[in-house]
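What follows is one structure encoded as structure tokens, with my remarks underneath.
Derivation of every value follows stated rules applied to the coordinates shown; laboratory data play no part. On a predicted model such as this, the values are computed, not experimentally measured, just so you know. Neighbour counts are summed over all protein chains in view; Cβ atoms, including those assigned to glycine, are modelled from backbone coordinates with ideal geometry.
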Amino acid sequence: MCSHPEHDAIAKALLTQVATAAPVWSRARPSGSGPLGTVSHNIFNGNISNGPFVVGYSGATIQQNVANGNGTSGIGLGTVQSPTEVTNNTSLANGMVDLFDGQTPNCKGTVWSGNTFFTANQSCIH
């Protein structure tokens, strides 16, 4: 999970639900909103919508997760502020794209590296 107790509680609650959608970590973006922390070593397979999706945080580390066969995307980022790292994940055979970065242009402020995937929405995703 992550290093913040509040986020751990939210993630645990979401992960125990029936697998119709994976967790979406979202926060209104007030000035000075804090980082999400680390999301690691999770499996998000076969969800109707997305695998894990992060939006509105000042940074996150998403590493060593598996997100396969989800309806829309495997691992996704909406609008997040840097620094954000998405590294060493496996995301395969998802509906639209395996990896999605909503930052424009060119994955602004996000490091994508060491991920295993077939499709991505931007060429800066690795």
Problem set entry | Amide H within-cut-off set for G37, under 5 Å, with H built and near neighbours excluded | T61
Problem set entry | Integer Hz, Karplus 6.51/-1.76/1.60 couplings in order for the stretch 95-103, x for Gly and Pro | x, 9, 9, 6, 10, 10, 10, x, 6
For this session: Report, by chain and number, residues whose modeled amide H sits under 5 Å from the one on V80, excluding near sequence neighbours (fewer than 5 apart, same chain).
Result: G56
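Ordered by packing density, taken as the mean number of other Cβ atoms within 10 Å over each peptide's residues, highest first, how do 38-50, 83-95 rank?
Working: 38-50: 17.5, 83-95: 19.5.
The densest-packed peptide leads the list: 83-95, 38-50.
Go through 110-122, 62-74 and give me the packing order, highest mean Cβ count within 10 Å leading.
Order by mean packing, descending: 62-74, 110-122.
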Exercise. What are the residues whose amide H is under 5 Å from the amide H of V111, where those residues sit 5 or more places off or on another chain and H is modelled from the backbone?
Worked result: T84, E85, V86
